[in-house]
1. Consider D:Ser22 carefully, then state whether it is among the polar types (S, T, N, Q), within 12 Å of chain B (Cβ to nearest Cβ) and within 17 Å of B:His83 (Cα to Cα).
2. Give the residue, chosen from C:Gly113, C:Gly10, C:Gly91, that is away from chain D (no Cβ under 14 Å), out of contact with any helix residue (DSSP H, G or I) (no Cβ under 9 Å at 6 or more places or on another chain), crowded, with 18+ Cβ neighbours inside 10 Å and outside any helix (DSSP H, G or I).
3. Report yes if some residue within segment B:184-197 is surrounded by fewer than 21 Cβ atoms within 10 Å (Cβ to Cβ) and at positive phi; otherwise report no.
4. Could you go through segment D:260-268 and let me know if any residue there is in contact with a strand residue (DSSP E or B) (Cβ under 9 Å, 6 or more places away or on another chain), among the basic types (Lys, Arg) and over 21 Å from C:Ser62 (Cα atoms).
5. Could you check segment B:126-145 and list, in sequence order, the residues that are at pLDDT 95 or above and of a type in the set (Ser, Thr, Tyr)?
6. If you go through segment D:185-231, how many residues are surrounded by 15 or more Cβ atoms within 10 Å (Cβ to Cβ), free of Cβ contacts under 8 Å to residues at least 12 places away in the same chain and β-branched (Val, Ile, Thr)?
7. Could you go through segment D:101-109 and let me know if any residue there is more than 18 Å from the chain's Cα centre (by Cα) and more than 25 Å from D:Asn206 (Cβ to Cβ).
8. Determine if segment B:67-84 includes at least one residue that is at the interface with chain D (Cβ under 9 Å from one of its Cβ atoms) and in contact (Cβ under 8 Å) with a residue 60 or more places away in the chain.
Amino acid sequence: MAELKGRVRIATNVCKGCGLCTVACPVDIMVFNGNSVNLKGYQPPTITEPAKCTGCGNCAQMCPDSALTVERFTSKKEDPACLKA
Amino acid sequence: MSVIFAKSKGLTDQETHYCPGCTHGIIQRLVAEVLEELGLLGDTIGCAAVGCSILTYNYLNIDMIESAHGRAPAVATGAKRVHPNKTVFTYQGDGDLASIGTAEIVHVAHRGEKITTIFVNNAIYGMTGGQMAPTTLPGQKVTTAPGGRDVAHSGMPLKVSEMIAQIPGAVYVERVSVHNPRAVRHAKKAIRKGFEYQMAGKGFSLIEVLSTCPTGWGLSPVDSLTWLQENMIPYYPLGVFKTPEEAK
Amino acid sequence: MINERILCAGFGGQGVMSIGQLLAYAGMLEDKHVTWLPSYGPEMRGGTAYCSVVVSDKPVGSPIVTGNATCVIVMNLPSLLKFEASVKPGGLLLINSSLIDKPVDRQDIEVYGILANELAVKCGIPRAANMVMLGAYLALAGPVRIESIALAFKKVFGAKAERLLDPNIQALHLGAEAVTGLRQQSIAA
Amino acid sequence: MPKSLMKGNEALALAAIKGGCSHFFGYPITPQNEIPEFLARELPKAGGVFLQAESELAAINMVYGAAATGGRAMTSSSSPGIALMQEGMSSLAAAELPSVIVNVQRGGPGIGTIQPSQADYYQMTRGGGNGDYRILSFAPATVQEGAEMMMAAFDLADFYRTPVFIVSDGMLGQMMEPVEFPERPLRTLPEKSWAAVGHGGSRKPNTIKTLVLDPGLLEQKNLRLQEKFTRIAATESRFENYRTDEAELVLCAYGSTARIVKNSIDLLAEEGIKAGLIRPQTLWPFPSSAFQQLPPTCRTILTVEMSCGQMVDDVRLAVNGRLPVAFYGRSGGIIPVPEEIVAHIKVLLGRV
């Protein structure tokens, strides 16, 4: 598995499904795939290939609802399993 | 591991009433982040205006005063004159600031009140349902100009930053945008400067932020960003219109 | 019992407002009930100015003296034309005869012509014609003492005007003397 | 302190300082200009702030901002200027912000004249602002009374968390009368823990607002405001009786007009006609109780105003049909003289 650079967590129930994060992502991993609907009835984005995340934070900069938290890994020791949480 | 982005302590847990993709949320977050980073959350008095900006007081973790339509600069003046050492700002939209409140914004600058104004320009009346604003672009279709803004009938859109920059009491005027991550990062720097100049006692600052109104514009949130970039920025050029050095 | 209702009128700059204030202030110093009410508005500068003064032993109701005046002091012709009718029967009409030569028709009032401007020049301050008129009024109606006017002078005009006090008091006396002579003549006649 | 001879406007201004005014915001308009002029000179010496606003709209909203942050703020204006401020009055009342507003009334409607008038009675008691609100309105009749009411106004505003009106007019504002300034009566005032002054990290944010979108919550707020207005009405209504014992005619007049009516009553007494006066010292709350204690001799009521008939509505409500209520008024800046009121009364009583 490739070395992880960053990780995005989505507060899915805060999301309004506007999609501004999807066009902000430089590696195009935030997408709407129609798989989920949140409590408010909006469709939050899905991260298709977490391994590609660079932790740049662009998605969070564009989120009007502060629904995203972004971490960047500076060391190999971080546990990639957390991504699934 | 380091968290490079998390929700600001300057924001409350209340979810905003804004439509999906409305960039008000981004701009308020920037204000919250700046106040948090400057350590000002406990010493700030915000003045919310009428329009979509009115509920700002539910989202920012600071003491705030709601103001009647257009009067936020007057309210802020009252607050600042009682508390000259506190940070006072107004958060106003274009209907509020550029139409009904033009006298108040001109004169708060004219007096050189040491306050900061965050001016959200989305070229439309959002809250009331998409009517024409003084900032509505030529030809832009809005509910009260269904054929598009006719400049022969309604005049050209008002360029607030350019106007305010002419006033001696205004020390810092910049127009920024939030249509992409780079612009957002730059907008934050401008907002930060606006508050820093206030803390330094320089005078009046206005940061005009070009913003979207997907609902009022009838566009998707993503298309709205493109529309802003392609239509608003050419008429409302980004940049610094006044610095404290120029104000001297 | 005192219930003096005085109307002072002239053109702007003749000091009609000031003598009204002096009178009211002096009355207050003598623990009387007093009011002073100016005409105000566009006419304040240049045109006719007038003020109403009431000096009374009892609380003052209406402070306006446009009719039923016990005394009207007029400093110029337009004021005479406007306020001659305001004097109540038996009341006083004091005319600055330096500037007014129109005869008065009313027979039911006491009329005195005073050469206020000339007498003021005699005191060395030509602008004190108003004080000459006030002196005349005090001599005829006497609701307050000249000493009280002197005390009021400092209050109304401030400390800087104090050097002008003596000639102004002299103007009061000259005005008083002028009408005392006239009254004796009229009694003799 | 010895007596001074002061214009009504100046006495109000000095009384404001003595009453604890910290901030004045205003816009020039005749016939109240002596108030801002006096405060521009004297308020900074007392540690306060004077600021000339760009409009009445701005002035009242500066008052709103200052009051929201704990300042003891006031403004003064005259009729058309007060009309422009009505939006702010409604906001001040809704946000429960202590503040003092002086109206030196002039003739209207419209720009009207700068001469005295009482045609803003509706404006002062019904308000031009929107919504269910009431504003405590004091109506002095002498320069002395104006000073005393003004000195009490800031404390009352703080006590009830409400805006307070001082209702004067061009005559009272421009006339000079002896005035003395007694010590300000002591009143225990509540802490302003609600003010927006920065939370300092030690409490939840304070929000000063009037928007309540939920109808249920807004109704609750309105009921709470009404409870306060009821409390004010029960404790703050004031009036003066003048020669009402055995009067066959009771007049009702306030402010400048009441002074003139007193002269009329004295003139009537000289002719053996017994008339008296009820003089409301508060316009809201209107002293309705005064009309519960009319002398049995009273046959009729006459309201006299410098208007075309406004307060007479409240008099009729207070009398509630028990006696006929007549009206006499002058308007347009004309001040009635005692004799014309006497003549009118004689006609009314059939004594001509």
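1. Spelling it out, D:Ser22 is indeed among the polar types (S, T, N, Q), within 12 Å of chain B (Cβ to nearest Cβ) and within 17 Å of B:His83 (Cα to Cα).
2. C:Gly91
3. Taking every residue of segment B:184-197 in turn, none turns out to be surrounded by fewer than 21 Cβ atoms within 10 Å (Cβ to Cβ) and at positive phi.
4. Within segment D:260-268, not a single residue is in contact with a strand residue (DSSP E or B) (Cβ under 9 Å, 6 or more places away or on another chain), among the basic types (Lys, Arg) and over 21 Å from C:Ser62 (Cα atoms).
5. B:Thr135, B:Thr136, listed by residue number.
6. 1
7. So far as segment D:101-109 goes, yes, one or more of its residues are more than 18 Å from the chain's Cα centre (by Cα) and more than 25 Å from D:Asn206 (Cβ to Cβ).
8. Taking every residue of segment B:67-84 in turn, none turns out to be at the interface with chain D (Cβ under 9 Å from one of its Cβ atoms) and in contact (Cβ under 8 Å) with a residue 60 or more places away in the chain.
The values are calculated or read from the model by the stated rules, or taken from the named source; none is laboratory data. In this text, all values refer to a predicted model and were calculated from it rather than measured experimentally. Positions of Cβ are backbone-derived with ideal geometry, glycine not excepted, and every protein chain shown enters the neighbour counts.
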